[in-house]
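The values are calculated or read from the model by the stated rules, or taken from the named source; none is laboratory data. This structure is a prediction, so every number in the text was calculated from the model and none was measured. Glycine gets a Cβ as well: all are built from the backbone with ideal geometry, and neighbour counts include every protein chain shown. Remember, those area values only see protein heavy atoms, side chains included, never the ligands or the DNA or RNA. Shrake-Rupley method; radii C 1.70, N 1.55, O 1.52, S 1.80 Å.
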Amino acid sequence: MAKSIDVANLDIYYGSFLAVHDVTMTIKPQTVTALIGPSGCGKSTFLRSINRMHEVIPGARVEGRIELDGLNLYGPGVDPVAVRRQIGMVFQRPNPFPTMSIYDNVIAGMRLNNKKMKKAALDDLVERSLRGANLWNEVKDRLEKPGSGLSGGQQQRLCIARAIAVQPDVLLMDEPCSALDPISTLAIEDLINELKNDYTIVIVTHNMQQAARVSDFTGFFNIEGTGKPGKLVEMDDTKTIFSQPAQQATEDYVSGRFG
Amino acid sequence: MSTTTDLKAEQRAAKPVLQLGDRIFSGSAKGAGILILVVLAGVAIFLFSEAFPALVAPASEIRGGNGLVAYIWPLVFGTLLSAMIALAVATPLAVAVALFITHYAPRRVAQGLGYLVDLLAAVPSIVYGLWGFAVLAPASVGFSTWLNDYLGWIPLFAGPVSVTGRTILVASLVLAVMILPIVTAVAREVFLQTPKLHEEAALALGATRWEMIRMSVLPFGRSGIISGAMLGLGRALGETMAVATVLSVSGVVTFNLISSSNPSTIAADIALQFPESTGLAVNTLVTSGLVLFAITLGVNMLARYIINRRREFSGAN
Amino acid sequence: MSIDTQRERSPERELDTSLDAMPVIRGQLPRWSPWVGLVAVVLIVGGVLSATGLSIGLFAVVSAVVYAVGMYTASRVVEGPRKATDRLVTIIVTAAFLVALIPLVSVVYTVVSEGLSRFDAEFFNSSMLGIVGEGGGAYHAVMGTLIITGLAAAMSIPVGLLTAIYLVEYGKGRLARAITFFVDVMTGIPSIVAGLFAFALFALFFGPGVRMGFAGAVALSVLMVPVVVRSTEEMLKIVPNELREASFALGVPKWRTILKVVLPTSVAGIATGVTLAIARVMGETAPLLVTVGLATGMNLNPFDGRMATLPVFAYYSYVSPGVPREPSLERAWTAALVLIMIVMALNLLARLISRVFAPKTR
């Protein structure tokens, strides 16, 4: 199910402003890749370009190549909507649909796409997804309650359940723990470790301990100054990045000596 | 290297893929927007085409026999006069009511009180017209007599006092009641938006409640009050039925507010004359309608301009 | 030199003096004083005025003035000028609110008390066909109002909703700015001008002197569309972008996202706005006066000739009652009462909708 991602010479623009310049990286299947770097360096922008969420913003566009198991996601005739079905995303702040129950939130991907399924199959999918998100035991008795009544950490796991219910190949996470307390953060990190058996995971985080804890590979993004584009400085095994990175800038950043 | 440039060129040329549903949906949404523009263009074109005969007709054929300007000018005067009086009465009252709801009333009842004032806006204008005719006009006679007795030296209250009370003063008061909820709603909105920090800073300096309001709430809400008043003015200028029902008109230009000879307003004149008019008279009325539209448009534009200018300033906070 | 003058005016000095003048512990009027003072003033003024001949209006005005002056003086003596001003403003603001309530109470009281006398079965099941003097009803006017308002709503709501969706979800650039601008222009159209427009439009096709219900519905639509667009736009704007992104990220196309996520989230606010817009145009008189006119009998076909509507019916019954006057005036009040009841019911319905359909958290 998990697929690899190959990025080659990727430039990302907002209008005429070049936000991210010349990123090339390979993300292996069934691994967790963490993207770290200072604020505004383009890591979230890069993440959003992987499932073409980037172009939701008017004027935003991409030049270069992103391949999912060899298929160019930006090739002619590729429907961005179909891309997003294969590459799921979890956002910074938990965003369950307020009009839907917990149950409906999990199957939102199916229902919103008008996919007809039997009730039993749906029940099964809900249970499987909620178990996959480590939330089943907490909510199994109140599946008909609104999703917005859950705690922040539970809501975020509900959003993960919602994302994996459409059975994507890749899961993108944009600072998924930044709005959560430490205990909920731990729960999500445990979950990421389990999810990597089935999915390719790319996570953006500001928390370097988190990157060190959950990821197999780490990419460091940096920016030379305001108005300049963000760049991928280096990418390597997480251990290498945090112990003996090749670039001085990376070492400064991971050791906290960064301005 | 050359392959990447080719690729980039190719991507620029490629059109974004859109689903059929998306195209239909966005197309119909866009169509609805365009329809509004078409309708407005229609409003302009049809009104002008109906007004045209009156614009080119010889002066003697216009009702009154003295030409278009002589016919419309007293109406413009009456429209402006009644709307201005209404505004002068309603604005201070509206500010006070908004202050009461936001800063004086107990919190539990404040929302209910706000709703009560909103109900005033929901009452149809014809009901206000009947009320003005049957209740306010007779009730005003005593007050008008008093004004004439003691303040008769002011031209506004020169008299002789109308015995029916169907005066421009009463019509203006009815208009004031009608625009009160509009001005109040806008003022209430901006008063509620006053940053809590400003209010608390004032209170922390030892200000009393009124001093706090004067220091933080009123300066913050000033442009909001102005634009609310302008919106109310726009409404008062265009209001038809209340004036048509209440006012006993004679088409004069006078500042005398309490006598029985009163200037009419454009809207009321159209409502009163239109059902019995044919031919050139209709064209004349449409022309006066265009004048009214131009006046209200100007007032509303000014209000929007003030609101938008304020929005730009507050964006920095 | 300059330093000296600065010190003269420095705020610190002012603060010093005012702090001196305002010790922490000082005279204070007891908590019950406003209420007791009010009762005392009312009793005294009431007593004096009833001895000289009572007028309720005079009584209220004199009481308010005496109370305000009395409280201000007492507070100034005991509590100092700043506190006294504060109390005075409190009294003025409260009084202003009470004054603003007078017309509302008076309107409702007048319409109910005058309108109840003909609030009977005959009013709701007969028209004015062949009625001179007593009897008759406004069944035809009620039906006319419902038909014309219904037609106007059927035309305005889809256009208004779609336009708002275009402006919030799709509209960028010059067309969207033009539409926003002209919707603003439209909100400022006086109702009588909307009526003239509809008349001019239909006169072009059917000749001068045309009167039909549909023309009235078109006029009402011109008034209703901008209200629907504005309120819907506001409601769509407060739907958080995160929900749209969540839906996009699940691979849901934009149009389904709008239909299934954005609209359901804001349906309470939209429905409230639409209901209030209907209530607003339902009471419009002027545009119907010039486009639809009035009929004495039942006419259910909005494309054929004059129709009666409640507001126009009330207007003509009141200003040209004929002889005898009384029955016609009574019918006018009852029509006004029915109109107010319908409009208030719609307002209550709007409140109810916003409460029932709002997204739940528990």
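Miscellaneous remarks
- Options C:E233, C:E284; residue that is touching a Leu at 6+ places or on another chain (Cβ under 7 Å) and farther than 30 Å from A:C159 by Cβ: C:E284
- Considering segment B:203-247, and only residues there that are crowded, with 17+ Cβ neighbours inside 10 Å and not in a helix (DSSP H, G or I), the residue that is farthest from the other protein chains (Cβ to nearest Cβ) turns out to be B:L247.
- For segment A:43-63, a residue qualifies if it is under 15 Å from A:G88 (Cβ atoms), in contact (Cβ under 8 Å) with a residue 40 or more places away in the chain and assigned to a loop (DSSP other than H, G, I, E, B), and exactly one does: A:N51.
- Some residue of segment B:141-154 being assigned to a helix (DSSP H, G or I), open to solvent by 50 Å² or more (accessible area, probe 1.4 Å) and touching a residue at least 24 places away in the same chain (Cβ under 8 Å): no
- Per-region count, segment C:318-339, residues in contact with a helix residue (DSSP H, G or I) (Cβ under 7 Å, 6 or more places away or on another chain), surrounded by fewer than 22 Cβ atoms within 10 Å (Cβ to Cβ) and touching a residue at least 12 places away in the same chain (Cβ under 8 Å): 3
- Looking across segment A:105-139, the residues that are within 14 Å of chain C (Cβ to nearest Cβ), part of a loop (DSSP other than H, G, I, E, B) and surrounded by 13 or more Cβ atoms within 10 Å (Cβ to Cβ) come down to A:I107, A:N113.
- Some residue of segment C:231-253 being within 11 Å of chain B (Cβ to nearest Cβ) and either under 26 Å from B:G42 (Cβ atoms) or in a helix (DSSP H, G or I) (or both): no
- Selection from segment C:191-217 of residues that are touching a helix residue (DSSP H, G or I) at 6+ places or on another chain (Cβ under 6 Å), touching a residue at least 60 places away in the same chain (Cβ under 8 Å) and surrounded by fewer than 24 Cβ atoms within 10 Å (Cβ to Cβ): C:F202
- Filtered residues of segment A:64-74 (kept if open to solvent by less than 10 Å² (accessible area, probe 1.4 Å) and either facing chain C (nearest Cβ under 10 Å) or more than 19 Å from the chain's Cα centre (by Cα) (or both)): A:G64
- Unmet criterion (only one of (1) more than 12 Å from chain C (Cβ to nearest Cβ); (2) crowded, with 17+ Cβ neighbours inside 10 Å; (3) of a type in the set (K, R)) for A:K28: (2)
- Note on segment C:257-272: residues that are open to solvent by 30 Å² or more (accessible area, probe 1.4 Å) and facing chain A (nearest Cβ under 7 Å) total 2.
- The set of residues in segment B:153-181 that are of a type outside the set (G, A, S) and closer than 22 Å to B:L116 by Cα comprises B:L173, B:V174, B:L175, B:V177, B:M178, B:I179, B:L180, B:P181.
- Within the set B:G78, B:G27, B:G67, the sole residue that is more than 9 Å from every other protein chain (Cβ to nearest Cβ) and modelled with pLDDT under 85 turns out to be B:G67.
- Against the conditions (1) open to solvent by 10 Å² or more (accessible area, probe 1.4 Å); (2) in contact with a Leu (Cβ under 6 Å, 6 or more places away or on another chain); (3) within 14 Å of chain B (Cβ to nearest Cβ), A:V23 satisfies every one except (1).
- Leading residue by the ranking (least open to solvent (accessible area, probe 1.4 Å)) among those in segment C:100-130 that are of a type in the set (A, V, I, L, M) and in contact with a Gly (Cβ under 9 Å, 6 or more places away or on another chain): C:M128
- Those helices (runs of 4 or more DSSP H) of segment A:141-259 in which 1 or more residues are within 16 Å of the chain's Cα centre (by Cα) and under 21 Å from A:G109 (Cβ atoms) occupy A:152-165, A:182-195.
- Meets criteria (more than 24 Å from A:I188 (Cβ to Cβ) and under 16 Å from the mean Cα position of the chain (by Cα)) for A:V83: yes
- Every residue from segment A:53-63 that is more than 10 Å from chain B (Cβ to nearest Cβ) and open to solvent by less than 30 Å² (accessible area, probe 1.4 Å): A:M53, A:H54, A:A60
- Residues that are under 14 Å from C:A217 (Cβ atoms), more than 11 Å from chain B (Cβ to nearest Cβ) and not in a loop (DSSP other than H, G, I, E, B) within segment C:290-326 are absent altogether.
- Checking each residue in segment B:41-98 for being under 30 Å from B:V109 (Cα atoms) and of a type in the set (G, A, S) picks out B:A86, B:A88, B:A90, B:A94, B:A96, B:A98.
- For segment C:96-117, a residue qualifies if it is aliphatic (A, V, I, L, M) and either farther than 21 Å from B:P181 by Cα or more than 8 Å from chain B (Cβ to nearest Cβ) (or both), and the qualifying residues are C:L98, C:I102, C:V105, C:V108, C:V112, C:L116.
- Residues satisfying the criterion are present in segment C:43-56 (criterion: part of a helix (DSSP H, G or I) and under 30 Å from C:W333 (Cα atoms)).
- Residues that are in a helix (DSSP H, G or I), touching a residue at least 60 places away in the same chain (Cβ under 8 Å) and surrounded by 14 or more Cβ atoms within 10 Å (Cβ to Cβ) within segment B:32-67 comprise B:L47, B:F48, B:E50, B:A51, B:P53, B:A54, B:E61, listed in sequence order.
- Counting the residues of segment C:131-167 that are of a type in the set (V, I, T) and either out of contact with any helix residue (DSSP H, G or I) (no Cβ under 8 Å at 6 or more places or on another chain) or open to solvent by 50 Å² or more (accessible area, probe 1.4 Å) (or both) gives 2.
- Hits in segment A:83-96 - residues which are in contact with a Gly (Cβ under 8 Å, 6 or more places away or on another chain), within 7 Å of another protein chain (Cβ to nearest Cβ) and surrounded by fewer than 23 Cβ atoms within 10 Å (Cβ to Cβ): A:R85
- Residue count for segment A:196-209 under the criterion of being under 21 Å from A:I5 (Cβ atoms) and surrounded by fewer than 23 Cβ atoms within 10 Å (Cβ to Cβ): the result is 3.
- Checked against the criterion of being within 11 Å of chain C (Cβ to nearest Cβ) and without any contact (Cβ under 8 Å) to a residue 60 or more places away in the chain, the candidates B:L302, B:L272, B:L292 yield just one match: B:L272.
- Scanning segment A:152-163 for residues that are open to solvent by 10 Å² or more (accessible area, probe 1.4 Å) and modelled with pLDDT under 90 yields a count of 1.
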